[in-house]
Ligand code: 5GP
């Protein structure tokens, strides 16, 4: 990555389920070895194809609670009945190594840390709720009830978009990727952070 500072930067990305964020972040980290995704802890069950330590650290509720009590998390939130949290020490290690860390977290977690956690806050939304519904049905990973739940939660998340530094609407994957990439590059060159 074109880098002019020693310490890495944090990029906080929130996007409703089905917006395409996973694909975009995978592409970004593959193109730029200096950008790494922070791996969250979750109590959610591992889905088929997901790998421990790559997608998430999958832990029991007791382990998660233990980490909360020890103050391990920068933030944590309950999303769709499961807990998700960002490990303070892991993110700190990435930044200290000069790597840029992408934190893919929901709007509750992102807006909770925004007042004290330095970073670039990016919100990515779908072109419309109808389009999001179509994408969620097409990806076939969620039940009918899950889709309904995700859609109603997405409506709430969309209202939080104005609180972010950047808003991207993912109408076209290629274009969105270029916008996302441009934000990362421009932020590296910003003098006042
Ligand atoms: P999924 O279960 O579909 O992977 O993720 C569900 C939601 O949890 C997504 O909106 C995702 O961004 C969010 N999420 C993932 N990791 C974290 C985290 O560490 N903290 C918070 N607050 N949300 C997270």
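Each value in this text was obtained by applying a stated rule to the coordinates, not by laboratory testing. For clarity, every value in this text was computed on a predicted model and none was experimentally measured. Quick reminder, even Gly has a Cβ in these numbers, built from the backbone with ideal geometry, and neighbours come from all protein chains shown.
Within the range 22-115, considering only helices (runs of 4 or more DSSP H) that don't extend past its boundaries, which have at least 2 residues that are more than 8 Å from the ligand (Cβ to nearest atom) and surrounded by fewer than 13 Cβ atoms within 10 Å (Cβ to Cβ)? Explain how you work it out, then say what you get.
Details: elements: 61-69, 88-96, 107-113.
The qualifying helices (runs of 4 or more DSSP H) are 61-69, 88-96.
Taking only the range 1-13 into account, find how many residues are loosely packed, with under 12 Cβ neighbours inside 10 Å and touching a strand residue (DSSP E or B) at 6+ places or on another chain (Cβ under 6 Å).
0
Can you list residue pairs whose Cβ atoms sit under 6 Å apart, with the first residue in the range 104-122 being over 18 Å from residue 36 (Cβ atoms) and the second being in a helix (DSSP H, G or I) and near the ligand (Cβ under 10 Å from one of its atoms)? Count only pairs 6 or more apart in sequence or on different chains.
107/157
Only one of these conditions is not met by residue 137: (1) surrounded by 13 or more Cβ atoms within 10 Å (Cβ to Cβ); (2) touching a helix residue (DSSP H, G or I) at 6+ places or on another chain (Cβ under 7 Å). Which number is it?
Here residue 137 meets the rest and fails (1).
Tally time: how many residues in the range 155-193 are in a loop (DSSP other than H, G, I, E, B), closer than 20 Å to residue 20 by Cα and touching a helix residue (DSSP H, G or I) at 6+ places or on another chain (Cβ under 9 Å)? First the steps, then the outcome.
Just the residues of the range 155-193 that are in a loop (DSSP other than H, G, I, E, B), to begin with: 159-160, 164-165, 170-172, 190-193.
Imposing the further condition that a residue be closer than 20 Å to residue 20 by Cα reduces the set to 159-160, 164-165, 170-172.
Still in the running and touching a helix residue (DSSP H, G or I) at 6+ places or on another chain (Cβ under 9 Å): 159-160, 164-165, 170-171.
So the answer is 6.
As an exercise: evaluate residue 132 against (1) surrounded by fewer than 12 Cβ atoms within 10 Å (Cβ to Cβ); (2) in contact (Cβ under 8 Å) with a residue 40 or more places away in the chain and give the number of the one condition it does not meet.
All conditions are met except number (1).
Spot the failing condition for residue 120; the list is (1) within 15 Å of the chain's Cα centre (by Cα); (2) within 9 Å of the ligand (Cβ to nearest atom), and only one is missed.
Here residue 120 clears every test but (2).
Take the residues of the range 118-134 that are touching a helix residue (DSSP H, G or I) at 6+ places or on another chain (Cβ under 9 Å) and part of a helix (DSSP H, G or I): which is nearest to residue 91 (Cα to Cα)? Spell out how you get there, then give the answer.
First, the residues of the range 118-134 that are touching a helix residue (DSSP H, G or I) at 6+ places or on another chain (Cβ under 9 Å): 119-126, 129, 132-133.
Now restrict to residues that are part of a helix (DSSP H, G or I): 129, 132-133.
Values: 129: 32, 132: 30, 133: 33 Å.
Selected residue: 132.
Give just the number: which of (1) part of a helix (DSSP H, G or I); (2) surrounded by 13 or more Cβ atoms within 10 Å (Cβ to Cβ) does residue 16 not satisfy?
Condition not satisfied by residue 16: (1).
Every residue in the range 80-90 that is touching a residue at least 40 places away in the same chain (Cβ under 8 Å) and either more than 13 Å from the chain's Cα centre (by Cα) or on the phi > 0 side of the Ramachandran plot (or both), please. Write out each step before concluding.
Here is the first cut: in the range 80-90, the ones touching a residue at least 40 places away in the same chain (Cβ under 8 Å) are 80, 82-87, 90.
Matches in the range 80-90: 80, 82, 83, 87, 90.
Would you check if there is a residue in the range 26-45 being free of Cβ contacts under 8 Å to residues at least 12 places away in the same chain, out of contact with any strand residue (DSSP E or B) (no Cβ under 6 Å at 6 or more places or on another chain) and over 24 Å from residue 71 (Cβ atoms)? Even if it seems obvious, please write down each step before you answer.
The first filter runs over the range 26-45 and keeps only residues free of Cβ contacts under 8 Å to residues at least 12 places away in the same chain, leaving 26, 30.
When the remaining residues are screened for being out of contact with any strand residue (DSSP E or B) (no Cβ under 6 Å at 6 or more places or on another chain), the result is 26, 30.
Narrowing further to those that are over 24 Å from residue 71 (Cβ atoms): 26, 30.
So far as the range 26-45 goes, yes, one or more of its residues are free of Cβ contacts under 8 Å to residues at least 12 places away in the same chain, out of contact with any strand residue (DSSP E or B) (no Cβ under 6 Å at 6 or more places or on another chain) and over 24 Å from residue 71 (Cβ atoms).
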